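Let me begin by presenting the structure, written as structure tokens, before commenting on it.
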Amino acid sequence: MSSCSPQADTQNAGPQSTPTPDATTSSTAVNIETLADNLRAPWRVTVLPDSGYLVTERPGHLLRIANGGMRTEITGLPDDIYVEGQAGLFDIILSPDFTDTGTVYLSYAQGTKEANGTAVLRARLMGTELVDGKIIFRATPTKDTNAHFGARMVFLPDGTLVMSLGEGFAYREAAQDKASHLGKIVRINVDGSIPADNPFALVDGVRPEIYSLGHRNPQGLHFDGVSGTLWAHEHGPKGGDELNIIRGGKNYGWPIATTGIDYNGAKITPFKSYEGMENFVKDWVPSIAPSGLTIYRGTLFLGWDGDALVGGLKSRDLRRVDLEDGKFVREYILLEDLSARIRDVRTAPDGSILVLTDDATNGKLLRITPK
């Protein structure tokens, strides 16, 4: 079964997938420094402005990791985190005014096996405790599956918050249903209210939070401030992972158009593209099961400016996607010798690359620099 299935997202996949013809091993030699190990299914790393990192662990833990490696568990997480399969604690991002207020935003699976969905908690980080927690968003309707939550978040320059939402695996048609949050990217204000300029804010029968639709399970989301572009990638089924430029009001095709097929080999749709729906910038066949995304704007890796770095859960490597003016040029493979499922990838302020490897008991936070 493909790594984009619910089971493979949370378990060790088998042999590495065959690289696509346009992917070649990178000639860039790198240093790999372990900043922390023995992490429990780590999901997101966020750099703190004063020093150190916040790392979420999917089973429901939030860690503060100092530069020297000492870790402290943060208390005050919500008590209704649903942990099973792919469900659990997901993303954490800092408010633009974090230095003054300590405000953070966390996404997590809320509810029960029978009725769950992605929720966003706003809270303040005071020392080692989250305080003043408030739920500002809940995906509607709830679902009874433990897969495809999406849950990546990013701020746009106007201060609005954008989050990806998966279609719950068993509800693929919901990705085209504007009355459902499933299979969408949503945009909200920091208090959970609706931005007046959302593309469907005034349309009857449509969830006003919807920013884009037709997504399967987007586990990478990044706003590139240099180009002013919102990027996302998402898991396909068996093949058909996609890297996309996200534009408000647009439809990204799932399940009407995809280059993937179903897990049993059957066609999902006869269409690889469809009129009125956005085309991907890059797809992966076979799947790499992408997770984590950054557009590199650092100065340590020469020639990488504006390229996408994508973690691979199934491919067990890091992909550098060479981009020129928003178009795919070529692809390079890094960190393949680690043979580790890569859950998250970020650019640190110093231009180094932070990577989280996904393992139930020995996930690692790595710092990558050029030799």
Residues of the stretch 60-81 being in contact with an Asp or Glu (Cβ under 8 Å, 6 or more places away or on another chain) and either of a type in the set (A, V, I, L, M) or free of Cβ contacts under 8 Å to residues at least 24 places away in the same chain (or both), which ones?
Leu62, Leu63, Ile74
Determine the pairs where a residue that is on the phi > 0 side of the Ramachandran plot, located within the stretch 303-326, has a partner that is assigned to a strand (DSSP E or B) and not hydroxyl-bearing (Ser, Thr, Tyr) with Cβ atoms under 8 Å apart, the partner being 6 or more residues away or on another chain.
Gly306/Asp224; Gly306/Ile295; Gly306/Leu323; Gly306/Glu324; Arg316/Ile342; Gly326/Ile245
What's the number of the only condition in (1) touching a strand residue (DSSP E or B) at 6+ places or on another chain (Cβ under 9 Å); (2) without any contact (Cβ under 8 Å) to a residue 40 or more places away in the chain; (3) not in a strand (DSSP E or B) that Arg124 fails to meet?
(3)
Matching residues, the stretch 256-286, being at pLDDT 95 or above, in contact with a Lys or Arg (Cβ under 9 Å, 6 or more places away or on another chain) and of a type in the set (Phe, Trp, Tyr):
Trp284
Being under 25 Å from Asn38 (Cβ atoms), at pLDDT 95 or above, surrounded by fewer than 24 Cβ atoms within 10 Å (Cβ to Cβ) and out of contact with any strand residue (DSSP E or B) (no Cβ under 9 Å at 6 or more places or on another chain) is true for just one of Ala348, Ala360. Which residue is that?
Ala360
Test: Leu354 is within 19 Å of Trp43 (Cβ to Cβ), at pLDDT 95 or above and either crowded, with 16+ Cβ neighbours inside 10 Å or within 20 Å of the chain's Cα centre (by Cα) (or both):
yes
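Residues that are surrounded by fewer than 22 Cβ atoms within 10 Å (Cβ to Cβ): find the strands (runs of 3 or more DSSP E) completely inside the stretch 275-339 holding 1 or more of those. Quick ask: steps written out before the conclusion?
On the way: elements: 282-284, 290-295, 308-312, 317-324, 327-334.
Hits in the stretch 275-339: 282-284, 290-295, 317-324, 327-334.
The values are calculated or read from the model by the stated rules, or taken from the named source; none is laboratory data. Note that the coordinates shown come from a computational prediction; the quantities given were computed from them, not determined experimentally. Here the Cβ is made from the backbone with ideal geometry for all residues, glycine too, and neighbour counts use every protein chain on show.
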